[in-house]
Amino acid sequence: MTLQISLKGLDKSGAIILGSPIYFGTVSGEMRSFMERLMFPNLTYTNPTRTLFPKKIKTGFIYTMNITEEQLKEFGYTGHIDITKEL
């Protein structure tokens with residue numbers, strides 16, 4: 001399977017909805033690559049980090065791991081998901 005990603009015209013979008021299964025406590029490699037390609041070119045090396053992206057876009061992220069929220073906490077996976085939230 002080939003994953004085709006186009007970031008052109010994304011700044012014209014009103015919202016982005018992302019989704020990924022959780023493997024070994026984090027999003028899939030394909031999703032991580034997409035998020036890095038989306039965000040990294042627009043970040044500055046300043047403190048605090050700022051963005052060069054022309055506008056804010058409402059974003060939603062859907063995770064699926066086939067376990068309950070209680071199990072998520074029990075197995076210690078919340079830290080991995082928190083890292084993704086910060087991106």
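Starting from the range 53-67, keep only residues that are farther than 19 Å from ARG37 by Cβ and of a type in the set (D, E, K, R), then list their pairs with residues that are modelled with pLDDT of 85 or more and surrounded by 10 or more Cβ atoms within 10 Å (Cβ to Cβ) whose Cβ atoms are within a distance under 9 Å, requiring at least 6 positions of separation or different chains.
Close Cβ pairs (under 9 Å, with a partner that is modelled with pLDDT of 85 or more and surrounded by 10 or more Cβ atoms within 10 Å (Cβ to Cβ)) amount to LYS58/ILE16.
For every residue, the table says whether it meets (1) at pLDDT 80 or above; (2) surrounded by 11 or more Cβ atoms within 10 Å (Cβ to Cβ); (3) in contact with a strand residue (DSSP E or B) (Cβ under 6 Å, 6 or more places away or on another chain).
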residue: ILE16; (1), (2), (3): yes, yes, yes
residue: SER33; (1), (2), (3): yes, yes, no
residue: ASN47; (1), (2), (3): yes, no, no
residue: PRO54; (1), (2), (3): no, no, no
residue: GLY79; (1), (2), (3): no, no, no
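Which numbered condition trips up LEU10, out of (1) in contact with a helix residue (DSSP H, G or I) (Cβ under 9 Å, 6 or more places away or on another chain); (2) within 30 Å of GLY76 (Cα to Cα)?
(2)
The values are calculated or read from the model by the stated rules, or taken from the named source; none is laboratory data. Fair warning: this is a prediction, and the values are worked out from it, not measured in the lab. Positions of Cβ are backbone-derived with ideal geometry, glycine not excepted, and every protein chain shown enters the neighbour counts.
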